[in-house]
Every structure is written in structure tokens, then in C-alpha cells.
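Single-structure report; data block below.
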Amino acid sequence: MMCRKSLQSLLSVAFAAALGACSFLPGSGFMRDDAAPGPTLDGIQIVDVDDAVARQLLAKKGTRLFSEVLNARPDEGLIGAGDTLEVNIWEAPPSTLFGTGIIDPKLGPLTSRVTTLPEQMVSKEGTISVPFAGQIKAAGRSLPDIEAEITARLQGKANQPQVIVRLTRNVTSKVIVVGEVTKNTVMPLTPRGERLLDALAAAEGVKQPVNKMTIQLTRGATVYAMPLEQIIRDPAQNVPLQAGDVVTALFQTQSFNALGATGKNEEIPFEAQGITLSQALARAGGVTDNRADPQAIFLFRFEPRDAIASWPQQPVLTTPEGTVPVIYRVDLRNPRSLFVAQSFPIANKDVIYVANAPAAELQKFLNLVFSVIYPVAAFQGLFGR
């Protein structure tokens with residue numbers, strides 16, 4: 001009789017204690033109510049994710065397309081200081097301004113003759129020297145412009161002069177290709193108009209998987225970047241290059257961490273192109289239906305101060321680096337959230353945490369209690385009569 005009363009008392013205490021069991025049971029992290037604004041979360045912004053928030057983050061994250069900012073027409077083969085030029089001058093006979101004065105009878109009396117001047121490097125002043133024409137400005141001009149000026153200066157001195165100028169060594173109109181490519185290289189530009197993928201081909205391609213590569217193009221003081229996969233997929237992003245461009249292939253390993261009641265708790269990499277929250281949850285194995293609280297999906301991130309137009313908590317506190325610690329909260333019981341999750345962008349080093357449902361914590365406690373009670377009941381059944 002005493003054993004039966006003791007068992008009933010034990011059960012009563014067990015059920016009463018179950019109400020506060022969450023504080024001492026083992027678990028994967030905090031519960032939904034623990035993420036409410038309060039003293040323990042001072043300085044941390046808690047933002048409920050909706051369509052407006054997702055649109056703001058997308059607008060901040062969105063990179064400008066190369067076709068929008070780098071699609072200017074390439075330089076038309078302008079000469080620069082340090083380039084080497086070869087000048088060829090044709091004259092009609094019997095002119096001997098540049099020739100020897102002797103006409104080869106095998107070629108006939110009316111055959112024009114060509115004089116090839118020694119190759120010249122364009123000086124730091126940007127000029128070359130042509131006999132009987134003087135100093136010719138070459139830097140910053142195209143080959144046809146240089147030919148026309150030499151021809152004009154030789155009029156009246158040579159007989160019907162014709163001039164062709166050839167670029168024999170190009171050291172200024174070039175593009176530098178560096179980074180995660182097979183071979184760092186300097187690619188000369190030609191009148192054909194080389195494009196971005198031509199530069200990567202000249203460097204013998206990238207060394208890492210295409211979907212993990214970002215291409216950075218530096219033009220002057222401006223730097224732009226896009227995922228290589230997007231450049232290949234959209235021909236409009238294969239923009240023409242200009243002299244002085246620097247193409248850098250970057251291998252950017254991006255990842256997020258999945259914790260709590262997800263299918264797997266681990267660091268999960270993703271492509272340079274980026275993924276959305278719905279894709280991230282799927283790659284983490286989804287939320288476990290026997291543990292997860294669908295109203296308690298949290299994403300932890302440090303954001304720039306201007307990421308959100310109006311932060312819910314004022315004043316906005318920032319870290320020493322100038323970023324704002326943010327907890328984004330998603331309620332998957334709201335069907336609209338599934339649409340928003342398809343556009344909410346995941347950033348590198350994000351932490352996604354799915355809290356346990358309160359019932360799951362209660363179930364863990366009851367399992368613990370009954371693992372003790374059942375042996376006691378069995379003992380009573382055997383010896384308590």
C-alpha cells in the first residue's frame with residue numbers, strides 16, 4: 001500500500017516538474033520565447049521577415065550587372081608611350097627621297113618602291129621621328145591617324161607618298177589577368193576587341209569549379225564583381241575590355257551554419273551565385289517534424305547599418321566594426337513566409353537556427369521520468385504485494 005502511494009506521489013511530482021523541465025533538460029539551444037526582445041538581447045535587432053524586409057535586403061545585395069556599367073565601346077587601338085612602331089613608306093618612281101635612286105628593270109619603270117624605317121619605340125613624350133616629316137605625335141592616337149599625318153608632312157617632298165604604320169610591340173594596350181587562373185598573364189588588346197572571357201581563355205581558364213568563382217574587373221578606380229557562372233550563362237555580361245583593365249578570378253568559399261532542429265547540423269557551402277533561405281533550409285535537410293517549432297526559424301547575421309530602412313529597436317547599437325547584430329525571425333506557419341523565403345538572400349557565414357517545439361521538450365522530460373518510474377512500478381509488481 002505504501003509503495004502504491006509513493007508511486008502516485010512520484011507521478012504527481014513528475015507532471016508538476018514537467019512544466020519547468022526545459023531549464024535543465026539537455027537541448028540544442030533556446031526556445032521561441034527566449035528570442036523575445038528583453039534585457040538579455042539588448043543591442044540585438046529582432047526583425048520579423050516579410051516581403052518588405054526581403055526586398056530591402058535584395059536591393060542592397062544586388063550587384064550591378066557588367067552590361068550596365070562596363071559595356072562602353074573599347075578603345076580603338078590607341079598607341080601609348082613604350083609601344084614600338086614600324087613605318088613603311090611607298091613612293092612612286094622615279095622618286096629617290098627614301099630610295100637608292102636605282103630602279104630594278106625587272107620590276108618595270110612604274111613600280112613603286114617601299115622604304116621600311118627602323119622600328120621605333122614611342123618616347124615618353126609620346127612621339128616618333130620620321131625623316132623629312134619631323135617629330136610625329138603618336139601617343140593617344142590610332143594607327144590611321146599617325147599614317148595620315150606622316151603622309152601629309154611628306155607631300156611635296158616625296159612623290160605620291162603612301163604610308164603604313166604597324167604596331168610591332170604592344171606594351172600599353174593590354175589587360176592583366178590574375179587570381180585563381182591556370183596562368184597569370186598579360187593579354188595584349190587588338191582591334192578585334194577582346195572580351196572578358198577572352199582574357200580568361202588567355203589565362204588558360206580558372207582552377208576552381210565555375211560555380212564557386214567570382215570575377216572581379218577593375219577599371220580605373222572602380223571595382224565590379226559578378227559570379228563567373230552568371231557571366232557564362234548571360235552573353236551580355238561578357239563585356240568588351242579596355243586598356244588597363246585588371247581581371248581577377250576569385251575563389252570565394254561561402255557557407256552557412258545549420259543548427260537546432262534541422263535534418264543535419266553542419267557548415268554547408270553554397271555557390272558564388274548565392275542561394276535563398278528556402279534553398280538553405282532544404283540543403284540543411286529541412287526542419288524535423290517531430291522536434292521543430294515552425295514558428296521559430298531564426299537567422300543570425302551582422303548587417304550594415306543601412307541594410308534596413310527602419311530598425312525596430314532604437315537607438316541602433318553597432319559593433320566596433322560598424323555592423324548591426326540582427327536576428328531575423330521566420331514563421332513558417334504563415335503560408336506567405338514560404339514565398340518570402342524564396343527571395344530572402346543568404347549571406348556568407350549566416351547561422352540558421354531552428355528551435356525545438358515546447359512539446360518536444362516536454363516529451364524529452366517525460367521519457368526521462370518514465371525511464372525511472374517504470375522500473376519502480378515493475379519492482380512494486382514483483383515485491384510490493
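For T190, which of the numbered conditions (1) in the same structural domain as D245 (by TED's automatic domain parsing); (2) of a type in the set (S, T, Y); (3) farther than 15 Å from I79 by Cα fails to hold?
So T190 meets the others, but not (3).
Out of region 133-160, which residues are farther than 16 Å from I79 by Cβ and either at pLDDT 90 or above or among the aliphatic types (A, V, I, L, M) (or both)?
Once the filter is applied, which keeps residues that are farther than 16 Å from I79 by Cβ and either at pLDDT 90 or above or among the aliphatic types (A, V, I, L, M) (or both), region 133-160 yields A133, G134, T151, A152, R153, L154, Q155, A158.
Filter region 259-279 down to the residues that are over 20 Å from L65 (Cα atoms), within 22 Å of the chain's Cα centre (by Cα) and assigned to a strand (DSSP E or B) and list them by number.
Listed by number, the residues that qualify are E267, I268, P269, F270.
Is it true that E204 is buried (at least 16 other Cβ atoms within 10 Å of the Cβ) and not in a strand (DSSP E or B)?
no
Report yes if some residue within region 273-294 is surrounded by fewer than 16 Cβ atoms within 10 Å (Cβ to Cβ), modelled with pLDDT of 90 or more, on the phi < 0 side of the Ramachandran plot and hydrophobic (A, V, I, L, M, F, W, C); otherwise report no.
Checked against the condition, which is being surrounded by fewer than 16 Cβ atoms within 10 Å (Cβ to Cβ), modelled with pLDDT of 90 or more, on the phi < 0 side of the Ramachandran plot and hydrophobic (A, V, I, L, M, F, W, C), region 273-294 yields at least one hit.
Return the total of residues in region 212-246 being in a helix (DSSP H, G or I) and at pLDDT 90 or above.
9
State which residue is nearest to L250 (Cα to Cα) when the search covers only region 159-179 and only residues that are assigned to a strand (DSSP E or B) and among the aliphatic types (A, V, I, L, M). Can you show your working first?
The first filter runs over region 159-179 and keeps only residues assigned to a strand (DSSP E or B), leaving 162-169, 174-179.
Now drop any that are not among the aliphatic types (A, V, I, L, M), which leaves 163-165, 167, 175-178.
Details: V163: 46, I164: 42, V165: 40, L167: 33, V175: 17, I176: 14, V177: 11, V178: 9 Å.
Across region 159-179, the extreme among qualifying residues is V178.
The values are calculated or read from the model by the stated rules, or taken from the named source; none is laboratory data. Bear in mind the structure is a predicted one, so any value in this text is a computation, not a measurement. Reconstructed Cβ throughout: ideal geometry from the backbone, glycine too, with neighbour counts over all protein chains shown.
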